[in-house]
Amino acid sequence: MNNMTHTIASVALLMATALPSAAQKQYIMLPGDSTYSWPADLHHRLLCDFTKSRSDVEAYIKKYIPGVTDAQMDAWEKSGALETRVIDGRKLYFHNAAPNLFRIDRACAAIKTQHDGASDDNSAVRSKNVRQIMREAPQSPHRFGDAKRIKVRYTITVQPDAVPDGEVVRCWMPLPRTDIARQQDVRLLAASEMDYDKSPTDYAHSTFYTDKRAEKGKPTVFWEEFEYTSYGEWHDLRPEDIRPYDTSSELYRRYTSERDAHVVFTPRLRQLADSLTRGIDNPLLKAQSIFRWIDANFPWASAREYSTIENIPEYVLANRHGDCGQVSLLFITLCRICGIPAHFQSGFMLHPGEENLHDWSEVYFEGVGWVPVDMSFGTPGYAANDKERLFYMGGIDSWRMVVNDDFGGELYPHKRFPRSETVDFQRGEVEWRGGNLYFDKWSWHLEVLKD
């Protein structure tokens, strides 16, 4: 494919409106183009996230707490356990506000468990994999173990007539990175379109790009099939193995600095980082203190779209919960404040029966190198000893697909309109010359194929 046809020429100017900084970088205004408005776009995104009325939420809660009162509802809203927002003069609830209540509030979680029974968390599969990695990693020069060969078919389906007949639909889909040591032998096997571009390895987001014309009354479907080998990784970290940082190095300066809207050293975060690490000198012990505190205090809950949140770590603190990417960004920010290099990593978790989007991070220890940290997997309930409890603070399981080695980067080829997901890149992105296609206009499907 001729990349020049997908590149906006030198007439491009960055949009100087109230776009979040990550989105600002991604919107290019052409001469005479005054149709795009970030406030209108944000309004639409919020309406896609906040879809429930109070009666909707109350009806769900009454399945578990029949006698729920207005006072209880008000208290949960005040605490942030029930997320609401006033839009167009109406109080609306996040579409997963009711299920989230039974994840965030401990008393409600206990009631739901008593009613439904304990959920199957796939702990048998996870623990078997983790223990195998811990047996094999010490004998591996890269600390790898329990390799998995994974084959995937990924599909994006744009709704019929979301784009006018004959218009070109541009599509970016996730592709496993080829520059990650524990992710090897990546092979693109087949695709819906023969004409495509793959992003260079120096891009933060690994993408498969193609385009095709929409047909009236028909969905526009894109798909790709690929396979790769994924290794688990584990470092038996000890404080005495950690050497002082070379604070003059490019690596240290880059990965201990502030970044965009979501790695910002606010006074609140500085104070928190100090309180969690006061009196601790060793970088590993500092990181472990931050890891344990986040794990103990921020339960997982379904998240609204990241593009609608101004500062994700501050949002986690204010709402006392977070999904995988949110707690990872909190962990990264606190580490960087403490002088520990850290960066974002994400893609998919592909544990059998649990295939989904997932985010985690890596931290750098002098004398060891970069090690993975999965903040939302935290300290697993199946852990039988301290090393297993801290496996994800220096280790990662084999069921991963790494797509992103940072957040909020440019796509390849360049995307003209702000992305649907301005922070992460997992589901993909779609646009046409008339604008971005938000998530309500298309769907994604990931299938792990069996040989």
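The values are calculated or read from the model by the stated rules, or taken from the named source; none is laboratory data. Quick caveat, the model's predicted, so the values are computed rather than measured. Every residue, glycine among them, receives a Cβ derived from its backbone with ideal geometry; neighbour counts consider all protein chains shown. In case anyone asks, the SASA skips ligands and DNA or RNA and just uses the protein heavy atoms, side chains included. Shrake-Rupley method; radii C 1.70, N 1.55, O 1.52, S 1.80 Å.
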Quiz prompt | Test set (1) on the phi > 0 side of the Ramachandran plot; (2) of a type outside the set (A, V, I, L, M, F, W, C); (3) open to solvent by less than 30 Å² (accessible area, probe 1.4 Å) - residue 367 fails condition number | solution = (3)
Exercise. Report, by residue number, each residue of the range 126-169 that is farther than 17 Å from residue 443 by Cα, under 24 Å from the mean Cα position of the chain (by Cα) and open to solvent by 30 Å² or more (accessible area, probe 1.4 Å).
Key: 126, 147, 148, 149, 151
Quiz item: Looking only at residues in the range 177-191 that are open to solvent by 40 Å² or more (accessible area, probe 1.4 Å), assigned to a strand (DSSP E or B) and without any contact (Cβ under 8 Å) to a residue 40 or more places away in the chain, which one is nearest to residue 142 (Cα to Cα)?
Solution: 188
Quiz prompt | Counted residues, the range 219-236 - those being in contact with a Leu (Cβ under 8 Å, 6 or more places away or on another chain) and surrounded by fewer than 19 Cβ atoms within 10 Å (Cβ to Cβ) | solution = 2
Exercise. Being crowded, with 22+ Cβ neighbours inside 10 Å, free of Cβ contacts under 8 Å to residues at least 24 places away in the same chain and farther than 30 Å from residue 419 by Cα is the filter here, so list the residues in the range 255-313 that pass it.
Key: none
Practice problem: For residues that are of a type in the set (A, V, I, L, M, F, W, C) and either assigned to a helix (DSSP H, G or I) or open to solvent by 20 Å² or more (accessible area, probe 1.4 Å) (or both), tally how many sit in the range 392-451. | Solution: 7
Quiz item: Of (1) among the hydroxyl-bearing types (Ser, Thr, Tyr); (2) modelled with pLDDT under 95; (3) in a strand (DSSP E or B), residue 361 satisfies all except one. Which?
Solution: (2)
Quiz item: So which pairs qualify, if the first residue must be in the range 207-219 and assigned to a loop (DSSP other than H, G, I, E, B), the second must be open to solvent by less than 10 Å² (accessible area, probe 1.4 Å) and of a type in the set (A, V, I, L, M, F, W, C), the Cβ gap must be under 9 Å, and the two must be at least 6 apart or on different chains?
Solution: 214/158; 214/163; 214/169; 219/158
Quiz item: Before we move on, is residue 201 surrounded by fewer than 20 Cβ atoms within 10 Å (Cβ to Cβ) and outside any strand (DSSP E or B)?
Solution: yes
Quiz item: Within the range 79-89, is there a residue that is outside any strand (DSSP E or B), out of contact with any strand residue (DSSP E or B) (no Cβ under 7 Å at 6 or more places or on another chain) and among the acidic types (Asp, Glu)?
Solution: yes
Quiz prompt | Residues of the range 53-75 satisfying the condition of being of a type in the set (Gly, Ala, Ser) and part of a loop (DSSP other than H, G, I, E, B) | solution = 53, 67
Practice problem: Test residue 350 against the stated conditions and say whether it is under 19 Å from residue 176 (Cβ atoms), among the aliphatic types (A, V, I, L, M), modelled with pLDDT of 95 or more and open to solvent by less than 10 Å² (accessible area, probe 1.4 Å). | Solution: yes
Exercise. Among residues belonging to the range 103-125 that are part of a helix (DSSP H, G or I) and hydroxyl-bearing (Ser, Thr, Tyr), point out the one that is most open to solvent (accessible area, probe 1.4 Å).
Key: 113
Quiz item: Are any of the residues in the range 80-99 open to solvent by 70 Å² or more (accessible area, probe 1.4 Å), in contact (Cβ under 8 Å) with a residue 60 or more places away in the chain and within 28 Å of residue 353 (Cα to Cα)?
Solution: no
Quiz item: Can we say residue 276 is among the hydrophobic types (A, V, I, L, M, F, W, C) and under 24 Å from residue 393 (Cα atoms)?
Solution: yes
